[in-house]
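J.: So that we are looking at the same thing, I have put the structure below in structure tokens.
The values are calculated or read from the model by the stated rules, or taken from the named source; none is laboratory data. Predicted model, so just to flag it, every value in this text is computed and none were measured. All Cβ positions, even for glycine, are placed from backbone atoms using ideal geometry, and neighbour counts span all protein chains on display.
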Amino acid sequence: MLRTRARHRQFGLLSAFVTLIVTIFATPAWASLTGPDVSNWQHPNGAAINWQTVRQSGNEFAFIKATEGPGPRNGQKWYTNPYFAADWRDAGAAGLARGAYHYAQPAKPTTTTAVDQARYYVSQTGTMHGKRDLPPVLDLEESNGLSPSDLLAWAQAWLQEVQRLTGRQPIIYTYLNFWQVQMANTTALSNYKLWFARYTSDPSQTTPPGGWQTWTFWQYTSSGQVPGITGSVDMSRFCCALTNLNALANGPAASAAASNPFGSWDHSVRQPGGVMVQGWAIDPDTTNAVQVHAYVDGSLVQPITADAPSPDVSRSYPGFGNNHRFNTVVSSVGGSHKVCLYAINQGYGSGNPPLDCRQLYLSSTPFGHLDVVKQTPKGVAVQGWSIDPDTADPVMVHVYLDGVPVQAISANDSRPDVAARYPGYGSTHGFSTALPITSAGLHTVCAYAINLMGKSINPQLGCLKINVTTTPIGHLDGVDVTSSGMSVHGWALDPTTASAIPVHVYVDGTLVKGALADDSRPDVGALFPGYGAAHGFGVTLPAPTAGPHQVCVYAIAQTPGAVNPRLGCLSAG
């Protein structure tokens, strides 16, 4: 339709300019289906269109100008696009859904001229019953001086005659200003599908006139560039899913399915009492929220309203508003179940199509993980998490040491990471405890989740080994000798306590002094978190006699019978 509507292009360019200012930093990522519409203008000097290339560049449909009625614009002559037959044939062969449009030239007497133009159009296009044929299209953007009431009567006569001849309900192409002014914004034709011309990149500016809730096709630019087509070309987007487009292009028998709702079941997550289902649904005939029905094993268990905010969906399918998501828990007991979600038709469609059907196993066995087993000043620290799928209440966890039950604890600590991974269960599913150290050596710690619903399976959350030590650790860092004395320094700690421990200093094999390793050593505190920094020692001894001497330091264990290890020996003097 390029170059046949100079008046509404001015509105479109202004709108595009304003939109460019608003969206220059936020160009949307479109997912909707696209296609060009062409006329003789896309054949400069007889150049052909490579429809295979058009299809391969990602387009799904094309509109082709077929005819134009006699009017002031063409010297009152009947017109057939000389390239229509070839473009129609080749676009279909390339796998594109194809539509043919008639550029209307309304005139009086309204009924006679409308019927004449309708018959002329169908004489050139045929009945458009092919499997890739879109419905007939009335391009209405010229008034030729007719009043709004006469224009309406003319359009109704054309539409009714074409539908009688083809058995298909036509599509109306128009633009905002023409419909609001020349058609007085009539709502009498809103039962026809709309191809709406509005040159903008902002879908919020595409609200249609005339009682239409939304558009089926949106012509968004007149300056598109498409591989296979010479020069600029008008480009449009389809409102809905590929299944809807295919139904619309599948002849009169399947056209009703083009109005069926569409959507997606995106995620399913086990929740207390069933399974959380997340997704979205849209009905092509309305911007209202769609009802989704959930069936479990063939029985309806829950109606769902898809009315939650859906900015991602609205970006992909502009024109329907921003509230089409659903997120709800479908009730079901544990076990294997077939769950199906159906989108419920709101308008002219032929059915309630399934969004998906899935075989889901809803386990009733608790699950979780034993995350940490480590030695601390308070004993052996045990940490993890657990959830019972049937309830959001905290789970009881039994901890075993070397195969013997030693503690029963509630997994009610806050674990936001678990809540984020399993929404619906809350965060109070962590557990932590400290087991007293009974003996040094290698030990095995296991944790079991206790089924809250009284079932017999209490699964193991994990087992970890730990080498418990009661032997102090530390280091003799240095011995400094001066004329006034000898300084011995280092650090020591006992794994069984955060308290400072004694150290004994020996010179040449003889105990000369005991001290408490309670000086601040931030480096030691950082290396052994949980034990604090007060584990350094600095011991001053009298100046030694002349000659070499050996200085050794021993850490004194706090567990009876444990080894008092030597932290090091250094020569001095």
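J.: Within the stretch 23-35, is even one residue part of a helix (DSSP H, G or I), more than 15 Å from Leu138 (Cα to Cα), modelled with pLDDT under 95 and under 47 Å from the mean Cα position of the chain (by Cα)?
T.: Narrowing the stretch 23-35 to residues part of a helix (DSSP H, G or I): 23.
So of that shortlist, the ones also more than 15 Å from Leu138 (Cα to Cα) come out as 23.
Still in the running and modelled with pLDDT under 95: 23.
Checking which are under 47 Å from the mean Cα position of the chain (by Cα) leaves us with 23.
For the stretch 23-35, residues part of a helix (DSSP H, G or I), more than 15 Å from Leu138 (Cα to Cα), modelled with pLDDT under 95 and under 47 Å from the mean Cα position of the chain (by Cα): present.
J.: Counting only residues that are closer than 15 Å to Asp139 by Cα and either of a type outside the set (Lys, Arg) or in contact with a helix residue (DSSP H, G or I) (Cβ under 7 Å, 6 or more places away or on another chain) (or both), how many does the stretch 192-221 have? Step through it out loud before you land on a result.
T.: Within the stretch 192-221, the first condition is being closer than 15 Å to Asp139 by Cα, and the residues that meet it are 192-198, 215-219.
So of that shortlist, the ones also either of a type outside the set (Lys, Arg) or in contact with a helix residue (DSSP H, G or I) (Cβ under 7 Å, 6 or more places away or on another chain) (or both) come out as 192, 194-198, 215-219.
The total comes to 11.
J.: I've got another one for you. Only residues that are touching a Ser or Thr at 6+ places or on another chain (Cβ under 8 Å) and either closer than 26 Å to Thr127 by Cβ or outside the structural domain of Gly95 (by TED's automatic domain parsing) (or both): list them for the stretch 213-239, please.
T.: Selection gives Trp215, Phe217, Gln219, Asp234, Ser236, Phe238, Cys239.
J.: Tally the residues that are among the small types (Gly, Ala, Ser) and part of a loop (DSSP other than H, G, I, E, B), restricting the search to the stretch 411-455. Reasoning before the result, please.
T.: Taking the stretch 411-455 as the starting set, the residues that turn out to be among the small types (Gly, Ala, Ser) are 411, 414, 419-420, 424, 426-427, 430, 432, 434, 439-441, 447, 449, 454.
With part of a loop (DSSP other than H, G, I, E, B) added as a condition, the list becomes 424, 426-427, 439-440, 454.
Number satisfying all stated conditions: 6.
J.: Separate question: Test of understanding: among Ser255, Ser264, which residue is under 27 Å from Tyr101 (Cα atoms), surrounded by fewer than 23 Cβ atoms within 10 Å (Cβ to Cβ) and of a type outside the set (A, V, I, L, M, F, W, C)? Quick ask: steps written out before the conclusion?
T.: Numbers: Ser264 fails: under 27 Å from Tyr101 (Cα atoms).
One residue alone meets the criteria, Ser255.
J.: Here are Arg119, Arg98: which of them is of a type outside the set (A, V, I, L, M, F, W, C) and surrounded by fewer than 20 Cβ atoms within 10 Å (Cβ to Cβ)? Spell out how you get there, then give the answer.
T.: On the way: Arg98 fails: surrounded by fewer than 20 Cβ atoms within 10 Å (Cβ to Cβ).
Only one candidate qualifies: Arg119.
J.: In this structure, is Lys131 in contact (Cβ under 8 Å) with a residue 60 or more places away in the chain, surrounded by 15 or more Cβ atoms within 10 Å (Cβ to Cβ) and either among the charged types (D, E, K, R) or farther than 27 Å from Met235 by Cβ (or both)?
T.: Numbers: in contact (Cβ under 8 Å) with a residue 60 or more places away in the chain: yes; surrounded by 15 or more Cβ atoms within 10 Å (Cβ to Cβ): no; either among the charged types (D, E, K, R) or farther than 27 Å from Met235 by Cβ (or both): yes.
No: the conditions fail for Lys131.
J.: Would you tally the residues in the stretch 334-345 being assigned to a strand (DSSP E or B) and under 19 Å from Gln278 (Cβ atoms)? Write out each step before concluding.
T.: As a first pass, look at the stretch 334-345 and keep what is assigned to a strand (DSSP E or B): 335-343.
Applying the additional criterion that residues be under 19 Å from Gln278 (Cβ atoms) yields 337-343.
Total meeting the criteria: 7.
J.: Taking the stretch 176-191 only, how many residues are assigned to a loop (DSSP other than H, G, I, E, B), out of contact with any Ser or Thr (no Cβ under 8 Å at 6 or more places or on another chain) and surrounded by 20 or more Cβ atoms within 10 Å (Cβ to Cβ)?
T.: 1
J.: Looking for whichever is farther than 30 Å from Ser483 by Cβ and modelled with pLDDT under 95 here; the options are Thr545, Thr540, Thr559. Which one fits?
T.: On the way: Thr545 fails: farther than 30 Å from Ser483 by Cβ; Thr540 fails: farther than 30 Å from Ser483 by Cβ.
Exactly one residue qualifies, and that residue is Thr559.
J.: Test of understanding: among Tyr199, Tyr173, which residue is closer than 22 Å to Asp37 by Cβ and assigned to a strand (DSSP E or B)? Working first, answer last.
T.: On the way: Tyr199 fails: assigned to a strand (DSSP E or B).
None of the other options fit; the residue is Tyr173.
J.: Give me the residue from the stretch 494-548 that is hydroxyl-bearing (Ser, Thr, Tyr) and closer than 22 Å to Thr471 by Cβ and, out of that set, nearest to the chain's Cα centre (by Cα). Walk me through it before giving the result.
T.: Going through the stretch 494-548, the residues hydroxyl-bearing (Ser, Thr, Tyr) turn out to be 496-497, 499, 506, 510, 520, 531, 540, 545.
After this cut, where a residue has to be closer than 22 Å to Thr471 by Cβ as well, the list is 496-497, 499, 506, 531.
Numbers: Thr496: 49, Thr497: 49, Ser499: 52, Tyr506: 69, Tyr531: 45 Å.
Going through the qualifying residues, I end up with Tyr531.
One line per residue, one yes/no per condition, for (1) basic (Lys, Arg); (2) surrounded by 17 or more Cβ atoms within 10 Å (Cβ to Cβ); (3) outside the structural domain of Gly273 (by TED's automatic domain parsing):
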| residue | (1), (2), (3) |
| --- | --- |
| Pro353 | no, yes, no |
| Arg358 | yes, no, no |
| Lys374 | yes, no, yes |
| Pro377 | no, yes, yes |
| Ala381 | no, yes, yes |
| Ser386 | no, yes, yes |
| Pro394 | no, yes, yes |
| Val397 | no, yes, yes |
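J.: For the stretch 535-560, enumerate the residues that are among the hydrophobic types (A, V, I, L, M, F, W, C), touching a strand residue (DSSP E or B) at 6+ places or on another chain (Cβ under 8 Å) and crowded, with 16+ Cβ neighbours inside 10 Å.
T.: Phe537, Val539, Leu541, Val551, Cys552, Val553, Ala555, Ile556
J.: Let me spell it out: the conditions are (1) more than 24 Å from Ala440 (Cα to Cα); (2) touching a Lys or Arg at 6+ places or on another chain (Cβ under 8 Å), and Ala572 meets all of them except one. Which number is the exception?
T.: Among (1) more than 24 Å from Ala440 (Cα to Cα); (2) touching a Lys or Arg at 6+ places or on another chain (Cβ under 8 Å), Ala572 violates only (2).
J.: How many residues are without any contact (Cβ under 8 Å) to a residue 60 or more places away in the chain and part of a strand (DSSP E or B) when one looks only at the stretch 287-322?
T.: Going through the stretch 287-322 one residue at a time, the tally reaches 16.
J.: Return the residue satisfying two criteria in turn: it lies in the stretch 224-252 and is β-branched (Val, Ile, Thr) and surrounded by 17 or more Cβ atoms within 10 Å (Cβ to Cβ), and of such residues it is nearest to Asp312 (Cα to Cα).
T.: Here is the first cut: in the stretch 224-252, the residues β-branched (Val, Ile, Thr) are 226, 229-230, 233, 243.
Imposing the further condition that a residue be surrounded by 17 or more Cβ atoms within 10 Å (Cβ to Cβ) reduces the set to 226, 229, 233.
On the way: Val226: 26, Ile229: 31, Val233: 28 Å.
Only one residue tops the list, namely Val226.
J.: Please find, among Trp158, Trp154, the residue that is farther than 25 Å from Ala247 by Cβ, free of Cβ contacts under 8 Å to residues at least 60 places away in the same chain and crowded, with 24+ Cβ neighbours inside 10 Å.
T.: Working: Trp158 fails: farther than 25 Å from Ala247 by Cβ.
Only one candidate qualifies: Trp154.
J.: Evaluate the stretch 201-220: report whether one residue or more is free of Cβ contacts under 8 Å to residues at least 40 places away in the same chain and over 34 Å from the mean Cα position of the chain (by Cα).
T.: Scanning the stretch 201-220, I find at least one residue that is free of Cβ contacts under 8 Å to residues at least 40 places away in the same chain and over 34 Å from the mean Cα position of the chain (by Cα), so the answer is yes.
J.: What single numbered condition from (1) at pLDDT 90 or above; (2) more than 25 Å from the chain's Cα centre (by Cα); (3) not in a strand (DSSP E or B) fails to hold for Asp234?
T.: Exception for Asp234: condition (3).
J.: A further question on this structure: What are the residues in the stretch 415-432 that are over 21 Å from Val269 (Cα atoms) and surrounded by fewer than 18 Cβ atoms within 10 Å (Cβ to Cβ), if any? Give the steps one after another, and end with the answer.
T.: Step one: filter the stretch 415-432 for residues over 21 Å from Val269 (Cα atoms), giving 431-432.
Within the stretch 415-432, Ser432 is the sole residue that qualifies.
J.: Would you mind telling me which numbered condition in (1) surrounded by fewer than 23 Cβ atoms within 10 Å (Cβ to Cβ); (2) at pLDDT 95 or above; (3) closer than 25 Å to Glu161 by Cα; (4) not assigned by TED's automatic domain parsing to the domain that holds Ala247 Thr80 fails?
T.: All conditions pass for Thr80, except number (4).
J.: Further question on the same structure: Being in contact (Cβ under 8 Å) with a residue 40 or more places away in the chain, of a type outside the set (A, V, I, L, M, F, W, C), farther than 30 Å from Thr186 by Cβ and in a loop (DSSP other than H, G, I, E, B): is that true of Gly228 here?
T.: Values: in contact (Cβ under 8 Å) with a residue 40 or more places away in the chain: yes; of a type outside the set (A, V, I, L, M, F, W, C): yes; farther than 30 Å from Thr186 by Cβ: yes; in a loop (DSSP other than H, G, I, E, B): yes.
Considered against the rule, which asks whether it is in contact (Cβ under 8 Å) with a residue 40 or more places away in the chain, of a type outside the set (A, V, I, L, M, F, W, C), farther than 30 Å from Thr186 by Cβ and in a loop (DSSP other than H, G, I, E, B), Gly228 comes out as yes.
J.: Only one of Ser310, Ser331, Ser364 is under 19 Å from Gln278 (Cα atoms) and modelled with pLDDT under 90. Can you tell me which? First the steps, then the outcome.
T.: Numbers: Ser310 fails: modelled with pLDDT under 90; Ser364 fails: under 19 Å from Gln278 (Cα atoms).
Unique residue meeting the criteria: Ser331.
J.: Can you name the residue in the stretch 276-286 that is out of contact with any helix residue (DSSP H, G or I) (no Cβ under 6 Å at 6 or more places or on another chain) and either buried (at least 23 other Cβ atoms within 10 Å of the Cβ) or without any contact (Cβ under 8 Å) to a residue 40 or more places away in the chain (or both) and is also nearest to Ala419 (Cα to Cα) among such residues? Show your work before the answer.
T.: Of the residues in the stretch 276-286, the ones out of contact with any helix residue (DSSP H, G or I) (no Cβ under 6 Å at 6 or more places or on another chain) are 276-279, 281-283, 286.
Restricting the remaining residues to those that are either buried (at least 23 other Cβ atoms within 10 Å of the Cβ) or without any contact (Cβ under 8 Å) to a residue 40 or more places away in the chain (or both) gives 277, 279, 281-283.
Values: Val277: 17, Gly279: 20, Ala281: 27, Ile282: 30, Asp283: 34 Å.
Within the stretch 276-286, the match that is nearest to Ala419 (Cα to Cα) is Val277.
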